[in-house]
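K.L.:
Quick one: this structure, given as structure tokens, is what I'll be asking you about.
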Amino acid sequence: MDLDFQVMVKPVDETFPQHIPTEKMAEYLAEKKADAFDFSELPSDTTLIACDTVVIIDDEILGKAENQDEAIAMLKKLSGRKHSLMTGVCIKTSTQKKLFSETTFVYFKNLTDEQIRYYVETYKPFDKAGAYGIQEWIGLVGIERIEGCYYNVMGLPTAKLATKLQDLTN
């Protein structure tokens, strides 16, 4: 996107209250990550972009797998099915905050137990929502198609973000 940026990380508890609707969860988590930064400690012209991605199937949120067994169970649940992947984004400056989200539908083909085990053991997708990364091996062999933004599935809906950043400066 030809933007000059710096990656800054602050640990944030990614748990969420049960009363938040599933379709608002990604935005809730993105805002929580943005709010972890104190703008009094940042340069005044800072534009902070925080995001979080969730996988939703059967109205259940699949977050990050904590271990191999959990990753395998998640991929078995996704195998042969369509799910939605939602990324919430929070753009924050010293004077304003904008929240938005993007949804992409992902269709997995039927995966064998051997394919799932190979992927989890080789790629260790414990830092990814739904225990997979579309840009990795599983995306090449296991995803039949998507409806929506590919980059959203990777974790950042870049085209929509570019539009929102442009709107911010106008």
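Bear in mind that the values in this text are calculations on the coordinates, not laboratory data. Model, not experiment: these values are computed from the prediction. Cβ atoms come from the backbone with ideal geometry, glycine included; neighbour counts cover every protein chain shown.
K.L.:
If I stretch the segment between residue 82 and residue 140 completely, what's the gain in nm (0.36 nm per residue apart, minus their alpha carbon distance), one decimal?
P.N.:
This chain segment gains 19.3 nm when fully extended.
K.L.:
Here is a follow-up. Mind pulling the angle between the C-alpha long axis of helix 113-123 and the longest principal axis of the chain? Nearest 10 degrees, somewhere in 0 to 90.
P.N.:
40
K.L.:
How high is the relative contact order of the chain? Use alpha-carbon pairs under 8 Å, at least six apart in sequence, and give a whole percent.
P.N.:
Once divided by the residue count of the chain, the mean separation gives 23 percent.
K.L.:
Run the helix sum for the chain: -39,500 (n - 2.57) per DSSP H stretch of 4+ residues, divided by residue count, reported at 222 nm to the nearest 500 deg cm²/dmol.
P.N.:
Calculated from helices alone, the mean residue ellipticity at 222 nm is -9500 deg cm²/dmol.
K.L.:
Taking R0 as 45 Å, what FRET efficiency do you get between residue 113 and residue 20 from their Cβ-Cβ distance, rounded to the nearest 0.05?
P.N.:
Taking R0 as 45 Å, the efficiency between residue 113 and residue 20 is 0.85.
K.L.:
So, by mean Cβ neighbours within 10 angstrom, what's the order for 100-107, 65-72 with the highest one leading?
P.N.:
Ranking, from highest mean packing down: 100-107, 65-72.
K.L.:
Hey, another quick one. Rounded to two decimals, what is the ratio between the C-alpha radius of gyration of the stretch 1-160 and 2.2 N^0.38 Å?
P.N.:
Against the compact-globule rule of thumb, the ratio is 1.09.
K.L.:
Rank by packing, highest mean first: peptides 120-129, 148-157, with packing defined as the count of other Cβ atoms within 10 Å averaged across residues.
P.N.:
With the highest mean Cβ count within 10 Å placed first, the list reads 148-157, 120-129.
K.L.:
Quick one: plug the Kirkwood hydrodynamic radius of the stretch 35-101 (C-alpha pairs) into Stokes-Einstein at 4 °C, 1.567 mPa s, and report D in µm²/s.
P.N.:
90
K.L.:
Full extension from residue 164 to residue 2: what is 0.36 nm times the residue separation minus their Cα-Cα distance, to one decimal in nm?
P.N.:
56.8 nm
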